[in-house]
Amino acid sequence: LMERLLNADNMTDAYASLCMLTSLDSVRFATLRADGLAHFYDRWSHEPLVVDKWFRAQAASSADGALDKILALAEHPAFERKNPNRFRSLVGVFGVGNQRHFNAADGRGYDFVASEVLALDGLNPQTAARVAAAFNGVGRLDPHLRGLVRDQLDRILTHGGLSRDVFEIVSR
């Protein structure tokens, strides 16, 4: 995979290899994943839409330890909360496309999405509401996870100055 990523003559092939690398679920692939991510970013960092893909690939990764890396990406210099595409690429994809880590038993995935929704709500309520919809499946979760989601929904609902857009999604 790394060889395909390094030798790809177009972004589509490089991205396909990157997505496979980011989901390899083994400690022995950690260095390979990190090298592949660094190579892809270095090669394509001048293309904003491709940087969105770089965030998306990591947000969707179900590999062990991915949640810590995803949380750290919210502090990455290229992460621009005000940019709706960038925000959805990291936070939206994580909430909807990463069931393993979003539904982590310790609730950190829910906390991350709720915190990011609250951080964005004053800047872009429509995008914040769209991402808050990641909590819509609460009724299908086991009781423990359902309780963790409800705690985050209550946290969002009691936040001062909440937009109507987010309130409408979260109050359901």
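The values are calculated or read from the model by the stated rules, or taken from the named source; none is laboratory data. Keep in mind that this is a model prediction, so the values were computed, not measured. We place every Cβ from the backbone using ideal geometry, glycine too, and count neighbours over all the protein chains shown. Each accessible area value is taken on the protein alone, full model and side chains, heavy atoms only, with ligands, DNA and RNA left out. Shrake-Rupley method; radii C 1.70, N 1.55, O 1.52, S 1.80 Å.
Cβ-Cβ distances below 7 Å connect the following pairs, each with a first residue in the range 105-127 that is more than 18 Å from residue 68 (Cβ to Cβ), a second residue that is open to solvent by less than 30 Å² (accessible area, probe 1.4 Å) and not in a helix (DSSP H, G or I), and a separation of six or more residues or different chains: 121/163; 125/163. Residue count for the range 122-152, restricted to those that are surrounded by 14 or more Cβ atoms within 10 Å (Cβ to Cβ), of a type in the set (S, T, N, Q) and within 16 Å of residue 83 (Cα to Cα): 2.
Set side by side, the residues 56, 81, 86 differ, and just one is closer than 24 Å to residue 12 by Cβ, in contact with an Asp or Glu (Cβ under 9 Å, 6 or more places away or on another chain) and among the charged types (D, E, K, R), which is 86.
Can residue 24 be described as modelled with pLDDT under 95, outside any helix (DSSP H, G or I), more than 17 Å from residue 93 (Cβ to Cβ) and not small (Gly, Ala, Ser)? Judged against the criteria, residue 24 is a match.
Counting the residues of the range 43-70 that are closer than 15 Å to residue 95 by Cα, in a helix (DSSP H, G or I) and open to solvent by 40 Å² or more (accessible area, probe 1.4 Å) gives 3. Scanning the range 73-86 for residues that are under 23 Å from residue 149 (Cβ atoms) and either touching a Gly at 6+ places or on another chain (Cβ under 9 Å) or open to solvent by 20 Å² or more (accessible area, probe 1.4 Å) (or both) turns up just one, 81.
Would you mention how many residues in the range 87-121 are within 11 Å of the chain's Cα centre (by Cα), open to solvent by 10 Å² or more (accessible area, probe 1.4 Å) and closer than 23 Å to residue 162 by Cβ? Of the residues in that region, 5 qualify. So is residue 140 out of contact with any Cys (no Cβ under 9 Å at 6 or more places or on another chain) and more than 21 Å from residue 70 (Cβ to Cβ) or not? Taking the combined requirement at face value, the residue satisfies it. Quick check, is residue 12 over 28 Å from residue 127 (Cα atoms), open to solvent by 10 Å² or more (accessible area, probe 1.4 Å) and assigned to a helix (DSSP H, G or I)? No; evaluated as a whole, the condition is false for this residue. Cβ-Cβ distances below 6 Å connect the following pairs, each with a first residue in the range 58-77 that is charged (D, E, K, R), a second residue that is in a loop (DSSP other than H, G, I, E, B), and a separation of six or more residues or different chains: 64/25. If the requirement is being touching a helix residue (DSSP H, G or I) at 6+ places or on another chain (Cβ under 9 Å) and in a loop (DSSP other than H, G, I, E, B), which of these qualifies: 151, 106? After ruling out the rest, the residue left standing is 106.
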